[in-house]
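Down below is the structure, laid out as structure tokens.
The values are calculated or read from the model by the stated rules, or taken from the named source; none is laboratory data. Please read these numbers as outputs of a predicted model, since none were measured by experiment. We place every Cβ from the backbone using ideal geometry, glycine too, and count neighbours over all the protein chains shown.
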Amino acid sequence: MRNAMKVAKWEIKKNLKNKSYLIGLFITPIIILVFGIIGSLIGESAEEEALVNVMIQDELGVYEAIEEMAEVHDLGWTINRTDLSEDEAKKEIKDTEETAYLFINQKALDNGAIPVYMSEDLDEQFTMQLQAIEPPIKALQMESIGLSEEQLTKVASPIVFAEQSVSDKDDEKDKGENQAEKDPLERIIPGVFAGIILFSIVIAGMYIFQSASQEKKDKIAEIILSSITPNELMQGKIIGYFVLGILQAVVLLAFAVPMALWKTDIPVLEYIFVPETLILVLIAVLGYLLFAALFVGIGATMADVSTTGNFQGLVMMLPFLPFMFATPVFMDPTGIVAKVGTYFPFTTPGVLLMRLIAMEEWPWMEIGIAFVVLIVSILIMMKLAGKIFKVGILMYGKNATPKEIWKWLWA
Amino acid sequence: MENVLSIQGLEKSFKDKQVLKGISFEVKKGEIMAILGPNGAGKSTTIRNIMGIMYPDEGKVIFHNHTDIPRHKIGYLPEERGLYKNVKVMDMLLYLADLKDYPKEKAKERIMYYLDKFDLNGKENTNLEELSKGMNQKVQFISSILHEPELLILDEPFSGLDPVSQDVFKDEIRNLANKGTAILLSSHQMNLVEEICDRLFMMQEGQKIIYGSLDEVKTEYANFKCTIRGKNKLDDLKAISEVQRVEQSEDVSVLYLEKDVVPIQWFKTLPDHLNIHELTMDRISLHEIFVDIASGKINQEAGELHA
């Protein structure tokens with residue numbers, strides 16, 4: 001273990017002194033930052049353009065109420081009164097853009113249909129927005145048919161389906177659920193946090209691959225192995241690149257967290273420091289160990305990264321497998337795809353993270369099984385990687401075929 | 001002299017092919033022991049088994065009466081060797097010394113000493129990829145002796161070196177041996193080995209051919225040969241007493257003499273009518289012995305010479 005730490009220290013030092021690593025370390029967050037800024041610039045200008053002129057001919061005195069609703073729902077309308085008749089408005093609208101005329105009068109109220117004239121460029125989105133101003137008009141309609149104030153409130157308030165708890169811990173559970181309903185961010189932010197860590201260290205895992213292969217290319221492996229065992233070298237690399245991955249995550253978060261605080265009003269830090277984060281981060285770390293073992297083993301079979309065979313290329317794609325599951329998992333976090341993904345070791349970390357983000361109530365049983373699957377796979381993978389590494393690292397000048405690798409596993 | 005390393009009955013197979021067929025030898029304190037043999041004889045495999053990079057199927061590797069080998073007491077220069085490219089000379093050497101548990105300050109001192117000795121002064125902060133191939137090999141050599149090993153194993157140390165560097169390496173290897181380091185080196189360049197080794201182990205196809213001290217091997221196998229320049233009939237030369245065989249090409253004839261020839265007496269037996277422009281008499285080189293054995297001109301069942 002002491003030797004493994006020496007190797008780890010060396011790998012960290014070597015990379016930190018390497019210019020291309022340092023550039024890589026900062027380039028990802030900078031790209032994110034740049035896109036964030038550009039994105040927000042585009043977003044803002046788009047909002048400005050989207051201002052719609054809404055002209056209202058109000059005979060019933062709901063103008064103020066409509067104005068208020070528009071403000072509450074942040075519809076981005078400029079509302080004005082108009083005296084034009086419907087016919088005049090029809091003519092007027094042909095030459096204007098981003099304009100709509102609404103005629104709210106007794107006749108419309110009786111019919112239950114308010115005539116709206118829109119310029120051609122307005123789309124469905126505006127029609128949807130119109131729904132937001134429906135309540136005050138509806139209230140007016142109710143009033144006009146003579147309902148009392150009390151009746152009005154009843155009619156106006158929608159019927160909800162209140163779920164009743166069947167367990168004994170009624171109160172506590174209710175509270176918990178209410179909170180969860182209130183705040184999906186409470187799950188999403190720790191999830192994203194863990195996701196960033198998983199991403200960073202899996203990327204670092206790919207560096208391991210390069211490092212193991214470089215060892216062969218530089219022909220230094222045998223000199224190193226005259227001092228320490230292959231297992232120590234392998235462990236050292238895994239630990240070293242883990243630290244480098246965490247470093248990458250820290251740098252990423254150092255950009256991402258202030259950005260989030262600046263761009264949104266979400267108290268990100270409060271959400272991150274919750275016990276759930278620990279579990280999510282643990283999933284990420286286990287995910288790293290699995291892929292690190294895989295990469296260090298495969299790296300040792302390759303003399304030259306540029307001549308990657310199909311087999312090795314396929315293995316390199318494994319960490320991205322969970323992305324294939326993303327849509328079905330988010331659509332149905334308890335569905336069959338999500339469950340299969342949870343128990344297939346190479347997708348466990350990614351899929352489990354996605355599910356835990358999407359689900360309000362965590363399936364502790366499944367999480368437990370997934371952890372067992374993951375840990376057992378890591379142990380097996382480390383063992384296999386050790387065998388491949390031991391033989392592969394000394395095989396200079398050529399890539400190993402899957403057949404050869406298979407033989408080493410049973411040697 | 002005490003044995004530092006003894007190898008006993010080493011056997012190793014790859015797939016169906018047996019690469020080592022019961023190899024046994026010793027390396028003693030302060031001596032240079034050479035493993036010789038053509039490519040594919042099993043030299044590197046023997047060495048890798050000693051280093052614990054491979055494990056033998058049969059047989060033992062014993063270091064000072066222990067079977068577990070203390071890696072930090074052994075220096076190793078593999079045949080296929082290199083160093084990280086993107087790293088400074090000093091950092092690289094300190095890392096390798098650290099892996100051998102050698103104290104850092106002492107390592108620094110020795111690094112400077114050896115860089116100076118090998119004409120690399122001022123290069124300690126240079127990136128390894130900026131060094132020439134020869135310089136790189138010197139740094140590799142330093143890495144193998146930096147931690148003052150008791151046993152130094154050099155696999156083809158002279159391959160790829162220019163003659164000047166070869167001499168530098170040869171001198172330093174001799175120097176280390178004189179200070180008490182046990183040295184095991186492998187090579188197929190017989191002439192270089194002949195100049196520095198004390199004892200040798202010659203192998204072919206995973207088997208011992210000759211094992212003994214250089215002097216013994218030479219007296220046993222390195223018979224005299226007489227080279228004559230001048231036109232002579234092959235039959236005339238063959239008729240001379242104590243001549244084993246004759247090789248003739250154009251005007252030069254080489255007469256391989258029998259083992260116990262006494263040169264002065266033999267000269268007296270030369271016939272008067274021989275046409276001689278030049279005549280030299282010397283012993284067969286290790287190189288020729290090896291070629292002769294490999295091609296079956298000398299009996300392979302030569303057996304062991306007791307050193």
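Structure data summary
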{"read-out": "Where B:Gly9 falls short, out of the listed (1) touching a Gly at 6+ places or on another chain (Cβ under 9 Å); (2) over 23 Å from A:Leu394 (Cα atoms); (3) modelled with pLDDT under 85", "value": "(3)"}
{"read-out": "Index of the failed condition, B:Tyr221 passing every other in (1) among the hydroxyl-bearing types (Ser, Thr, Tyr); (2) modelled with pLDDT of 85 or more; (3) crowded, with 18+ Cβ neighbours inside 10 Å", "value": "(2)"}
{"read-out": "Of residues in the stretch B:194-215 being touching a Ser or Thr at 6+ places or on another chain (Cβ under 7 Å) and modelled with pLDDT of 85 or more, the one surrounded by the fewest Cβ atoms within 10 Å (Cβ to Cβ)", "value": "B:Asp198"}
{"read-out": "Test: residue in the stretch B:220-232 that is without any contact (Cβ under 8 Å) to a residue 12 or more places away in the chain and not assigned by TED's automatic domain parsing to the domain that holds B:Leu176", "value": "no"}
{"read-out": "Any hit, the stretch B:192-207, residues being out of contact with any Gly (no Cβ under 7 Å at 6 or more places or on another chain), within 14 Å of chain A (Cβ to nearest Cβ) and farther than 30 Å from B:Pro263 by Cβ", "value": "no"}
{"read-out": "Helices (runs of 4 or more DSSP H) completely within the stretch B:8-118 that count 1 or more residues being surrounded by 20 or more Cβ atoms within 10 Å (Cβ to Cβ) and away from chain A (no Cβ under 14 Å)", "value": "B:43-50, B:104-117"}
{"read-out": "Restricting the stretch B:151-180 to residues that are charged (D, E, K, R) and within 14 Å of another protein chain (Cβ to nearest Cβ), the residue that is surrounded by the fewest Cβ atoms within 10 Å (Cβ to Cβ)", "value": "B:Glu156"}
{"read-out": "Filter result (crowded, with 23+ Cβ neighbours inside 10 Å and of a type in the set (Asp, Glu)) within the stretch A:216-262", "value": "A:Glu222"}
{"read-out": "Test: A:Val257 is out of contact with any Asp or Glu (no Cβ under 7 Å at 6 or more places or on another chain) and without any contact (Cβ under 8 Å) to a residue 60 or more places away in the chain", "value": "yes"}
{"read-out": "Per-region count, the stretch B:242-257, residues under 29 Å from the mean Cα position of the chain (by Cα) and under 19 Å from B:Lys218 (Cα atoms)", "value": "6"}
{"read-out": "Pick from the stretch A:211-269, criterion in contact with a Lys or Arg (Cβ under 8 Å, 6 or more places away or on another chain), under 17 Å from A:Met395 (Cβ atoms) and in a helix (DSSP H, G or I), ranking: nearest to the other protein chains (Cβ to nearest Cβ)", "value": "A:Glu222"}
{"read-out": "Count of residues meeting criterion [hydroxyl-bearing (Ser, Thr, Tyr) and under 15 Å from B:Ile284 (Cβ atoms)] in the stretch B:225-266", "value": "2"}
{"read-out": "Given (1) surrounded by fewer than 19 Cβ atoms within 10 Å (Cβ to Cβ); (2) under 17 Å from the mean Cα position of the chain (by Cα); (3) without any contact (Cβ under 8 Å) to a residue 60 or more places away in the chain, number of the condition A:Trp364 does not satisfy", "value": "(2)"}
{"read-out": "Sole exception among (1) more than 24 Å from B:Leu5 (Cα to Cα); (2) out of contact with any Phe, Trp or Tyr (no Cβ under 6 Å at 6 or more places or on another chain) for B:Glu148, by number", "value": "(1)"}
{"read-out": "Identity of the residue in the stretch A:1-10, more than 10 Å from chain B (Cβ to nearest Cβ) and not in a loop (DSSP other than H, G, I, E, B), that ends up nearest to A:Ile203 (Cα to Cα)", "value": "A:Ala8"}
{"read-out": "Number of the exception - B:Ser249 against (1) loosely packed, with under 14 Cβ neighbours inside 10 Å; (2) touching a Pro at 6+ places or on another chain (Cβ under 9 Å)", "value": "(2)"}
{"read-out": "Options A:Leu290, A:Leu286, A:Leu353, A:Leu278: the member that is exposed (fewer than 13 other Cβ atoms within 10 Å of the Cβ), aliphatic (A, V, I, L, M) and in a helix (DSSP H, G or I)", "value": "A:Leu278"}
{"read-out": "A:Phe346 being closer than 18 Å to A:Ala194 by Cβ, within 14 Å of the chain's Cα centre (by Cα) and not acidic (Asp, Glu)", "value": "no"}
{"read-out": "Residue selected from the stretch B:255-303 under the condition more than 23 Å from B:Asp235 (Cα to Cα) and surrounded by fewer than 12 Cβ atoms within 10 Å (Cβ to Cβ), by the criterion modelled with the lowest pLDDT", "value": "B:Glu301"}
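Residue-by-condition table, conditions (1) outside the structural domain of B:Ser144 (by TED's automatic domain parsing); (2) at pLDDT 85 or above; (3) more than 26 Å from A:Ile220 (Cα to Cα); (4) touching a strand residue (DSSP E or B) at 6+ places or on another chain (Cβ under 6 Å):
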residue	(1), (2), (3), (4)
B:Asp16	no, no, yes, no
B:Lys21	no, yes, yes, yes
B:Glu26	no, yes, yes, yes
B:Arg48	no, yes, no, no
B:Tyr55	no, no, no, no
B:Phe63	no, yes, no, yes
B:His66	no, no, yes, no
B:Ile69	no, no, no, yes
B:Leu93	no, yes, no, no
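The rows are residues; the columns are (1) within 14 Å of chain B (Cβ to nearest Cβ); (2) part of a helix (DSSP H, G or I); (3) of a type outside the set (Phe, Trp, Tyr).
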residue	(1), (2), (3)
A:Met317	no, yes, yes
A:Leu321	no, yes, yes
A:Met324	no, yes, yes
A:Val329	no, yes, yes
A:Thr342	no, yes, yes
A:Trp362	no, no, no
A:Gly368	no, yes, yes
A:Leu374	no, yes, yes
A:Phe389	yes, yes, no
